[in-house]
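Right, one structure below, let's go through it.
The values are calculated or read from the model by the stated rules, or taken from the named source; none is laboratory data. All values derive from a computational prediction rather than experimental measurement. Glycine gets a Cβ as well: all are built from the backbone with ideal geometry, and neighbour counts include every protein chain shown.
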Amino acid sequence: MGAIEIGAGGLAASYVLLIFPLAAMLWLRIPLVSQTLVSVLRMTVQLLLVGFYLQFLFDLDDPRLTTLWLVIMIVVADLSILRTTRLCLRCFAGPLFLALAAGTALPLLFFVVLLLRQPNWMAAQVAVPVAGMILGNCLRADIVGIRTFYDSIRKSNRDYLRRLACGAGRAEAVRPYLRDAVSAALAPTVATMATIGLVSLPGMMTGVILGGANPMLAIQYQIAIMIAIFCGTAVTVVAVLLLTLRSAFTPYGTLDPAIFR
Amino acid sequence: MASPPPIEFDRVSLAFDGRTLLRDFSLRLAPGEKVVLAGPSGSGKSSLLACLLGFLRPAAGQIAIQGEPLTPKSIWHLRRALALVQQEPDIGEQTAEAWIREPFTFRANEALRDRLDRLPGLLPRLRLDPALLRRKGTDLSGGEKQRIALVAALLLDRPVLLLDEPASALDPDSRQAVYDCLAGLSGQTLLMVSHDTGPALDFADRTVRLAPPEVPHGRD
């Protein structure tokens with residue numbers, strides 16, 4: 001079976017489903033109707049533009065252009081994380097970019113080279129969607145990890161300073177906060193892996209099945225992508241926290257208040 | 001050659017948010033000396049302790065510990081000469097015993113682990129029940145936490161003991177036990193911030209009174 005075409009009419013019909021949430025909002029007088037309509041419109045326009053651009057990217061299949069697109073994706077993720085966590089751009093943008101790049105590149109290379117055995121490492125049709133899935137999950141995990149780490153040091157400042165006063169080195173002083181932050185960041189992915197297939201059929205698997213592949217092939221892809229996502233989130237969270245240890249703290253080891261916007 | 005002063009403030013000024021707390025404050029402690037820092041709230045007593053640990057930076061002046069100026073490089077080993085007792089220790093969800101033992105897991109203190117053997121003997125001196133060690137920080141009163149913090153600092157046995165209102169949450173008997181314990185220390189230099197200035201602090205060699213903010217300070 002090939003991919004099932006939706007067509008413009010089918011796509012338009014899917015908007016009919018919006019009647020139910022919008023009706024619930026109106027009934028409960030939730031002031032989210034106009035915001036929802038704007039969000040749906042933005043989603044439609046953004047995805048259509050990306051669709052056109054991806055088609056162009058896949059047709060051209062130029063590694064330089066694919067790399068450039070991946071860099072743009074990482075920069076957007078970087079800025080989005082820092083906007084949500086309300087941290088200083090100057091201190092965090094660089095280290096976070098490096099962490100996201102490492103956390104995306106490592107599982108992506110495994111996926112493309114070892115799993116798919118693609119001769120072209122930067123084949124646009126593989127690199128862009130896989131990197132997108134990894135980055136999307138890194139984004140959520142990094143927000144949780146960074147926020148947990150810096151907020152808990154700020155809230156437990158007395159305990160943190162006591163550790164320094166007792167002779168702890170930089171790494172020793174932050175260790176419990178690092179452990180809690182990485183744990184909080186990875187817990188959702190660990191929970192998802194434990195319930196996948198039982199509670200939900202993930203988007204990628206559904207997409208591959210709707211695209212005409214048999215379920216066993218879809219499952220193989222899903223297992224590989226889940227492991228790639230888990231690896232990517234772990235690498236980015238640990239890397240960004242370690243890379244910001246110097247820029248976010250004063251030379252005396254105290255948390256620099258200027259990092260909070 | 002005479003030993004260097006364990007603590008020296010040389011014309012230190014403290015200013016926060018445009019407000020001057022202390023101006024040209026100088027103080028030199030002799031080895032083994034016990035000094036009480038007294039003064040009204042907001043006069044900069046606790047900030048001076050924070051400066052010694054590198055948690056705050058003075059607006060002007062120099063600070064030296066054991067003769068060595070406090071810099072971003074030296075602070076990391078100079079802290080190993082200090083032990084701090086905070087006014088409101090944050091023990092959190094840990095048990096009191098885990099909290100006391102934690103500093104001995106740091107690389108700088110690994111060689112000091114034998115000192116933990118002194119823990120059972122220290123508890124009764126501070127009127128603490130040994131069963132309290134198994135309780136979480138959230139189940140301890142403010143006074144119990146203060147005495148647990150003092151036990152932890154005494155076990156580290158550093159040359160300089162910094163105490164920030166260590167008896168502010170204690171009943172009179174426990175407070176006296178803390179002061180008796182501090183009076184019995186020999187060889188350790190002690191700098192204690194306190195609102196108390198009564199006879200209970202007679203064990204101190206001298207009391208340095210800080211004036212309210214914006215009043216210049218001379219050499220003690």
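Tell me which residues, restricted to segment A:14-71, are among the basic types (K, R) and in a helix (DSSP H, G or I). Result: A:R42, A:R64. For the residues B:R135, B:R127, the requirement of being closer than 22 Å to A:S156 by Cβ and either in contact with a Lys or Arg (Cβ under 7 Å, 6 or more places away or on another chain) or more than 13 Å from chain A (Cβ to nearest Cβ) (or both) singles out B:R135.
Report whether or not B:A98 is more than 23 Å from B:V36 (Cα to Cα), assigned to a helix (DSSP H, G or I), without any contact (Cβ under 8 Å) to a residue 24 or more places away in the chain and within 14 Å of another protein chain (Cβ to nearest Cβ). Criteria met by B:A98.
A single member of B:S186, B:S168 is of a type in the set (S, T, Y), farther than 30 Å from B:D17 by Cβ and at pLDDT below 95, and it is B:S186. Checking each residue in segment B:67-95 for being of a type outside the set (V, I, T) and more than 12 Å from every other protein chain (Cβ to nearest Cβ) picks out B:G67, B:E68, B:P69.
One residue stands out among those in segment A:152-171 that are closer than 20 Å to B:G92 by Cα, of a type outside the set (V, I, T) and touching a helix residue (DSSP H, G or I) at 6+ places or on another chain (Cβ under 7 Å): the one that is surrounded by the fewest Cβ atoms within 10 Å (Cβ to Cβ), which is A:S152. Each residue in segment B:40-53 was checked for being surrounded by 21 or more Cβ atoms within 10 Å (Cβ to Cβ) and farther than 17 Å from B:V85 by Cβ, and 2 pass. Would you mind finding the one in B:S26, B:S46 that is among the hydroxyl-bearing types (S, T, Y), assigned to a helix (DSSP H, G or I) and either closer than 30 Å to B:S186 by Cβ or out of contact with any His (no Cβ under 8 Å at 6 or more places or on another chain) (or both)? Going through B:S26, B:S46 in turn, just one is among the hydroxyl-bearing types (S, T, Y), assigned to a helix (DSSP H, G or I) and either closer than 30 Å to B:S186 by Cβ or out of contact with any His (no Cβ under 8 Å at 6 or more places or on another chain) (or both): B:S46.
Under the condition of being part of a loop (DSSP other than H, G, I, E, B), among the hydroxyl-bearing types (S, T, Y) and more than 14 Å from chain B (Cβ to nearest Cβ), the residues counted in segment A:215-261 number 2. Would you confirm whether or not segment A:174-191 contains a residue that is in contact (Cβ under 8 Å) with a residue 60 or more places away in the chain, in a helix (DSSP H, G or I) and among the aromatic types (F, W, Y)? Checked against the condition, which is being in contact (Cβ under 8 Å) with a residue 60 or more places away in the chain, in a helix (DSSP H, G or I) and among the aromatic types (F, W, Y), segment A:174-191 yields no hits at all. Scoring B:R113 on the criteria (1) buried (at least 18 other Cβ atoms within 10 Å of the Cβ); (2) within 14 Å of chain A (Cβ to nearest Cβ); (3) among the charged types (D, E, K, R) leaves a single failure, condition (1).
Residues in segment B:64-89 that are within 12 Å of B:F9 (Cα to Cα) and buried (at least 22 other Cβ atoms within 10 Å of the Cβ): 1 in all.
Scan segment B:1-30 residue by residue and report those that are modelled with pLDDT of 95 or more, touching a Pro at 6+ places or on another chain (Cβ under 7 Å) and surrounded by fewer than 17 Cβ atoms within 10 Å (Cβ to Cβ). Passing the criteria: B:R28, B:A30. When A:F149 is tested against (1) within 14 Å of chain B (Cβ to nearest Cβ); (2) in contact with an Asp or Glu (Cβ under 9 Å, 6 or more places away or on another chain); (3) surrounded by 15 or more Cβ atoms within 10 Å (Cβ to Cβ); (4) of a type outside the set (A, V, I, L, M), only condition (1) is not met.
Answer with yes or no whether B:A64 is assigned to a strand (DSSP E or B), of a type in the set (G, A, S) and away from every other protein chain (no Cβ under 13 Å). Answer is yes for this residue.
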